[in-house]
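Worksheet: one structure, shown below.
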Amino acid sequence: MDGPTVTRRLHRILAAAELPQITFHDLRHSCASLMLAQGVSPRVVMETLGHSDIRLTMNLYTHVAPELQRDAADRMERLLIGHR
């Protein structure tokens with residue numbers, strides 16, 4: 001499939017679902033951000049996106065880092081102190 005065909009199909013699907021029109025590339029960014037926010041290993045995200053270097057992945061998705069840091073701190077607290 002060529003790019004314009006994929007985009008047209010995506011826009012039809014989004015319209016049918018009454019969702020905002022976004023680009024196909026936006027889906028890629030959303031996927032990566034959601035995977036990182038769900039605790040998926042950055043290495044897995046990197047491979048899913050086809051990046052050749054983990055630094056590229058992490059530099060592009062640093063906005064997810066505060067969520068991941070809070071989650072890591074919460075997990076350590078549960079490990080060391082127990083459940084609240």
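The values are calculated or read from the model by the stated rules, or taken from the named source; none is laboratory data. Computed from a predicted model, the values in this text were never measured in an experiment. We place every Cβ from the backbone using ideal geometry, glycine too, and count neighbours over all the protein chains shown.
Which of the residues that make up region 47-64 are within 12 Å of the chain's Cα centre (by Cα) and without any contact (Cβ under 8 Å) to a residue 12 or more places away in the chain?
62
From the list 25, 51, 11, 83, pick out the single residue that is part of a loop (DSSP other than H, G, I, E, B), of a type outside the set (S, T, N, Q) and either modelled with pLDDT of 85 or more or in contact with a Pro (Cβ under 7 Å, 6 or more places away or on another chain) (or both). Walk me through how you get there before you give the answer.
Details: 25 fails: part of a loop (DSSP other than H, G, I, E, B); 11 fails: part of a loop (DSSP other than H, G, I, E, B); 83 fails: either modelled with pLDDT of 85 or more or in contact with a Pro (Cβ under 7 Å, 6 or more places away or on another chain) (or both).
Result of the check over 25, 51, 11, 83: 51.
Mind listing just one residue for me: the one in region 28-48 that is more than 25 Å from residue 6 (Cβ to Cβ) and part of a helix (DSSP H, G or I) and, of those, modelled with the lowest pLDDT?
Across region 28-48, the extreme among qualifying residues is 37.
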